[in-house]
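Everything on this sheet refers to the single structure shown next.
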Amino acid sequence: MSDAQATSVQDIQEVPDPKTLVEERLVIWYFLAALTYLVISMLGGLLMAFQLINHNPFSGIEIFSPGRWRMVHTNAVAYGFIANAFLGALHWAVPRLTLQPVLSRKLSYFIFAAWQIVVLSTAVGLLLGQAQGLEWGETPVWIDPVALLGLALVAVNFMAPIVKLKGPMYVTLWYFIAAFIWTFLTYAMGNFMPEYFVNGSSAGAVGGLFIHDLVGLFVTPIGWGLMYYFVPIILKKPIWSHALSIIGFWGLAFFYPLQGIHHFLYTPIPMFLQYGAVISTIAVELVVLTVVINFFGTIWGDGRKAVENLPIRWFYTGIVYYFLTCLQCSFQVTMTFQKLIHFTDWVVGHAHLVMFGVFSMWIFGVMTYLFPRLLGVAWYSKRLCQWHYWLSAGGILVMATDLILGGIFQGYSWAALFPWEESIAISIPFWMVRVVAGLAMFLGLFCFLFNLLMTWRLALKTNAVPKTGQHRAEPVAAGA
Amino acid sequence: MFESKSGIFLVAGLGFFFLAFLSNAIVPALMYSVTDDEVEAGVSTNLANQPEKTVEELINPNLRYQFEDLAMRFPEQFKEVYGTPENADNPDEWWNEKCAEALTLGHKIYVGEGCWHCHSQFVRPVSNESKRWGPVAKSEEYENELQRPVMFGTRRVGPDLSREGGRRSNDWHAVHFFRPRDLSQNSPMPEYPWFFDGSPAKPNERGLAIMTYVQWLGSWLESYPLYEQYDESSVLKMNIELEDAETVLQEIAAEQAGDSND
């Protein structure tokens, strides 16, 4: 870490003040937008969860149609929460890593506004029943070109400082460079190909590739890039093995995009393509193992910090969940498991474990670490930070276990040709546990939001609202 | 290469993405593509290679039967939405046109309401699925405008719908869309009262359209509708000689007369 940075700067003396590099106000804005969409998304998830156990309080009201809110749920998480939080974190990490500001601050604010318009119109379009028939590509067709333009501008804005960099780059930037290109290409492919150019089974293949690449080529590389950035900084030591970092990145880059079709096994898509997707999926699990080993090698000897330091605890819990979810994936992707678990809640459990258990946990860790630094005061309550952690980490574990187990029951009841109503009756207890777990996670988020509000008020009292380039006393981060 | 900007940008960013795009998207697209010559000749080397059908081409006698059934069951609502045939001599064209209209809107509603997040549209060759739903899904079934993007689905909270057409009556669907639990106890399916003007007896434009769409699913199959006592397709019946058809009709009329006497 420090080596790479040192060699990338000709003269250490010339290191500019990071506070002049980072547009901190924008980081805060992005984080607040992200949290707003997370609340909306979780409310949508809860609505669907209550519908499944027949306790939907808004039954029969068109604008609260659970089917539409289910799409708001997934889209608000991907484009509202994760994308906004990542953009905020990128605005912090990229200038600090490259020691260069982004291309243009004005452009940054323009992108922020444009992206909020994209996400809001997506939500409104979905609620008005204007969806497009592709998972995570439901964004109504008239928003797609705007979203694509936004993604292109994001790439340009962040690539400018990276291009100016001389010498070898740190791991994080490999992931970021690749992610900027991949996200743009993935979004273009998924939203235009199946709608305008291909149909039928080939559209299924492209659709599978899209939902897969969105996780694998947008969320995953930025997520790991942030881990490679924040973990060594907080632990104050370099990543354990540079060789493993290289294997992890290139293995992901090669194998991850090849797996799209594993979402549609046993469809009319040609079998040899399905087998290819299965094999490359199992290959990427081995790659994941190298990355996980690398991170455990890094914390080796500092194990106490995973207990005492809250951001590190968020990060490593996410890494453990990442390992679990990838292990689960290498089983579920086989044709044998697919027979049983495809179409069941097993897959829903897997999706939640990835999106909440891994990437949301990492984002919470980054926010827990950065908010005190952005606001210039320590967290109002460390205890509330702890509650946020335990309710989230515990809630998602219960939810994922519950849904995975429920999926096995559903799969067997279908294969045994039980009447359909039976498979619903079997699912009800699992769906009830899921509601409880979801409420726990929501309560955790509420603790975080309340804590943030109180910290904000504290910040207003102790210093002025943070402004660009303003110098403040270094705060004491929670647990750090 | 492994740590340089150009290596990552060109090899990982562009190269690997396009490699995957080639193998996972272009290859299946080419396998299912049809050349212009094949379209002109009306033949294709492979059943899976069919030109994409338009909505108008998807209308078959089974679907027309269901659509006309909607007109009979809900005459006022149907007339309000679609009017009446203008040309009494050749009503076929009108019916097909209105049916295509309903099918297109029905598909839009199916997508917009997120039906496809809880109902799949393909039967797998495993897990006894062909026993429950009917014939395993074939590629050519998806080569049409209404599978753009394809409605395979990824989750089954409710049953697969690709063989649903004709299985249940339009009355059943009207009540079920209005309040699913009146017909299937414990059903977690949401209620859709906005497809109706206050009661299941009064489907509005959206109600008529979504029912048309659901009745279309599987109507192209020879074994339609898929329940035990009706294994012969009305598509096949259409091919019977006219005289035979008349005898069949007479037999049916006689049976009905017998029933009403009891």
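The values are calculated or read from the model by the stated rules, or taken from the named source; none is laboratory data. Since the model is a prediction, treat every value here as computed from it, not as a measurement. Every residue, glycine among them, receives a Cβ derived from its backbone with ideal geometry; neighbour counts consider all protein chains shown.
For A:G200, state whether it is more than 9 Å from chain B (Cβ to nearest Cβ) and either crowded, with 24+ Cβ neighbours inside 10 Å or under 24 Å from A:L265 (Cβ atoms) (or both). Show your work before the answer.
Details: more than 9 Å from chain B (Cβ to nearest Cβ): no; either crowded, with 24+ Cβ neighbours inside 10 Å or under 24 Å from A:L265 (Cβ atoms) (or both): yes.
No, not satisfied.
Looking only at segment B:142-168, count how many residues are at the interface with chain A (Cβ under 8 Å from one of its Cβ atoms), in contact (Cβ under 8 Å) with a residue 60 or more places away in the chain and assigned to a helix (DSSP H, G or I).
Adding up the residues that qualify gives 1.
Can you tell me which residue is farthest from B:R64 (Cα to Cα) among those in segment B:100-119 that are assigned to a helix (DSSP H, G or I) and touching a Ser or Thr at 6+ places or on another chain (Cβ under 7 Å)? Don't jump to the end; show me each part of the working.
Just the residues of segment B:100-119 that are assigned to a helix (DSSP H, G or I), to begin with: B:100-112, B:115-117.
Checking which are touching a Ser or Thr at 6+ places or on another chain (Cβ under 7 Å) leaves us with B:102-103, B:106.
Details: B:A102: 11, B:L103: 11, B:G106: 15 Å.
Top of the filtered list is B:G106.
For segment A:242-275, name all the residues that are at the interface with another protein chain (Cβ under 7 Å from one of its Cβ atoms) and not hydrophobic (A, V, I, L, M, F, W, C).
A:P257, A:G260, A:H263, A:Y266, A:T267, A:P268, A:P270, listed by residue number.
Residue under question is A:A155, and the condition is that it be in contact with a Pro (Cβ under 7 Å, 6 or more places away or on another chain), of a type in the set (G, A, S) and either more than 8 Å from chain B (Cβ to nearest Cβ) or within 27 Å of A:E24 (Cβ to Cβ) (or both); does it hold?
no
Assuming A:M271 fulfils every condition listed in (1) buried (at least 16 other Cβ atoms within 10 Å of the Cβ); (2) over 26 Å from A:Y369 (Cα atoms) apart from one, which condition is it?
Result: A:M271 fails condition (1) only.
For segment A:308-319, name all the residues that are in a helix (DSSP H, G or I) and either polar (S, T, N, Q) or surrounded by fewer than 18 Cβ atoms within 10 Å (Cβ to Cβ) (or both).
A:E308, A:T317 - these are the residues of segment A:308-319 that are in a helix (DSSP H, G or I) and either polar (S, T, N, Q) or surrounded by fewer than 18 Cβ atoms within 10 Å (Cβ to Cβ) (or both).
Tally time: how many residues in segment B:125-141 are within 7 Å of chain A (Cβ to nearest Cβ) and under 23 Å from B:K53 (Cα atoms)?
Summing the residues that are within 7 Å of chain A (Cβ to nearest Cβ) and under 23 Å from B:K53 (Cα atoms) in segment B:125-141 gives 3.
Condition first: of a type in the set (D, E, K, R) and either closer than 18 Å to B:H107 by Cα or touching a Pro at 6+ places or on another chain (Cβ under 8 Å) (or both). Now tell me which residues in segment B:177-196 satisfy that.
Matches in segment B:177-196: B:R179, B:E191.
May I ask you to say which residue of B:E40, B:E68, B:E76 is closer than 28 Å to B:D92 by Cβ and either within 14 Å of chain A (Cβ to nearest Cβ) or modelled with pLDDT under 85 (or both)?
B:E40
Which residues, counting only those in segment B:102-120, are more than 11 Å from B:Y213 (Cβ to Cβ), within 13 Å of the chain's Cα centre (by Cα) and of a type outside the set (A, V, I, L, M, F, W, C)?
B:H119, B:S120
Filter segment A:360-386 for residues that are in a helix (DSSP H, G or I) and touching a Lys or Arg at 6+ places or on another chain (Cβ under 8 Å) and give the result.
Across segment A:360-386, the qualifying residue is only A:G365.
So is A:I162 closer than 30 Å to A:W69 by Cα and touching a residue at least 24 places away in the same chain (Cβ under 8 Å) or not?
For A:I162, the condition - closer than 30 Å to A:W69 by Cα and touching a residue at least 24 places away in the same chain (Cβ under 8 Å) - is not met.
So, A:L38, is that one modelled with pLDDT of 95 or more, buried (at least 21 other Cβ atoms within 10 Å of the Cβ) and at the interface with chain B (Cβ under 10 Å from one of its Cβ atoms) or not?
Taking the combined requirement at face value, the residue does not satisfy it.
Within segment A:247-259, can one find any residue that is touching a residue at least 40 places away in the same chain (Cβ under 8 Å), over 30 Å from A:A147 (Cα atoms), out of contact with any Cys (no Cβ under 6 Å at 6 or more places or on another chain) and surrounded by fewer than 24 Cβ atoms within 10 Å (Cβ to Cβ)?
yes
I'd like the full set of residues that are of a type in the set (F, W, Y) and touching a strand residue (DSSP E or B) at 6+ places or on another chain (Cβ under 7 Å), limited to segment B:63-119. Before you say what the answer is, go through the steps one by one.
Kept after step one, since they are of a type in the set (F, W, Y), are these residues of segment B:63-119: B:65, B:67, B:74, B:78, B:82, B:94-95, B:110, B:116.
Answer for segment B:63-119, where residues must be of a type in the set (F, W, Y) and touching a strand residue (DSSP E or B) at 6+ places or on another chain (Cβ under 7 Å): just B:F74.
Does B:E113 satisfy the criteria of being surrounded by fewer than 19 Cβ atoms within 10 Å (Cβ to Cβ), in contact (Cβ under 8 Å) with a residue 60 or more places away in the chain and within 10 Å of another protein chain (Cβ to nearest Cβ)?
It is false that B:E113 is surrounded by fewer than 19 Cβ atoms within 10 Å (Cβ to Cβ), in contact (Cβ under 8 Å) with a residue 60 or more places away in the chain and within 10 Å of another protein chain (Cβ to nearest Cβ).
Based on what the data block shows, is A:W69 crowded, with 23+ Cβ neighbours inside 10 Å, touching a Gly at 6+ places or on another chain (Cβ under 6 Å) and modelled with pLDDT of 95 or more?
Values: crowded, with 23+ Cβ neighbours inside 10 Å: yes; touching a Gly at 6+ places or on another chain (Cβ under 6 Å): yes; modelled with pLDDT of 95 or more: yes.
In short, yes.
Here is a check on your reading of the model: is A:V291 within 18 Å of A:Y322 (Cβ to Cβ), within 13 Å of another protein chain (Cβ to nearest Cβ), hydrophobic (A, V, I, L, M, F, W, C) and touching a Leu at 6+ places or on another chain (Cβ under 8 Å)?
Here the answer is no, as A:V291 does not meet what is asked.
Considering every residue within segment A:134-144, establish whether at least one is surrounded by 16 or more Cβ atoms within 10 Å (Cβ to Cβ) and not in a loop (DSSP other than H, G, I, E, B).
So far as segment A:134-144 goes, yes, one or more of its residues are surrounded by 16 or more Cβ atoms within 10 Å (Cβ to Cβ) and not in a loop (DSSP other than H, G, I, E, B).
Could you list, in sequence order, all residues of segment B:1-27 that are within 8 Å of chain A (Cβ to nearest Cβ), within 19 Å of A:G190 (Cβ to Cβ) and among the hydrophobic types (A, V, I, L, M, F, W, C)?
B:L14, B:F16, B:F17, B:L19, B:A20, B:F21, B:A25, B:V27
Can you name every residue in segment A:128-162 that is out of contact with any helix residue (DSSP H, G or I) (no Cβ under 7 Å at 6 or more places or on another chain) and modelled with pLDDT of 90 or more?
A:L128, A:P145, A:L149, A:V156, A:A160
Among the listed residues A:F110, A:F64, A:F81, identify the single one that is among the aromatic types (F, W, Y) and facing chain B (nearest Cβ under 10 Å).
Selected residue: A:F64, the only one of A:F110, A:F64, A:F81 that is among the aromatic types (F, W, Y) and facing chain B (nearest Cβ under 10 Å).
Can you tell me which residues in segment A:89-120 are over 21 Å from the mean Cα position of the chain (by Cα) and either closer than 18 Å to A:S41 by Cβ or in a loop (DSSP other than H, G, I, E, B) (or both)?
Selection gives A:L99, A:Q100, A:P101, A:V102, A:L103, A:S104.
In contact with a Leu (Cβ under 7 Å, 6 or more places away or on another chain) and at pLDDT 95 or above: is that true of A:Y316 in this structure?
Considered against the rule, which asks whether it is in contact with a Leu (Cβ under 7 Å, 6 or more places away or on another chain) and at pLDDT 95 or above, A:Y316 comes out as no.
Counting just the residues of segment A:280-297 that are surrounded by fewer than 20 Cβ atoms within 10 Å (Cβ to Cβ) and not hydrophobic (A, V, I, L, M, F, W, C), which one comes out farthest from A:L226 (Cα to Cα)?
A:E285
On the given criteria, is B:G83 out of contact with any Cys (no Cβ under 6 Å at 6 or more places or on another chain) and surrounded by 21 or more Cβ atoms within 10 Å (Cβ to Cβ)?
Spelling it out, it is not the case that B:G83 is out of contact with any Cys (no Cβ under 6 Å at 6 or more places or on another chain) and surrounded by 21 or more Cβ atoms within 10 Å (Cβ to Cβ).
Within segment A:416-432, does at least one residue satisfy the condition of being among the β-branched types (V, I, T), assigned to a helix (DSSP H, G or I), within 26 Å of the chain's Cα centre (by Cα) and at pLDDT 95 or above?
There is no residue in segment A:416-432 that is among the β-branched types (V, I, T), assigned to a helix (DSSP H, G or I), within 26 Å of the chain's Cα centre (by Cα) and at pLDDT 95 or above.
Output yes when any residue across segment A:245-260 is touching an Asp or Glu at 6+ places or on another chain (Cβ under 9 Å) and not in a helix (DSSP H, G or I), and no when none is.
no
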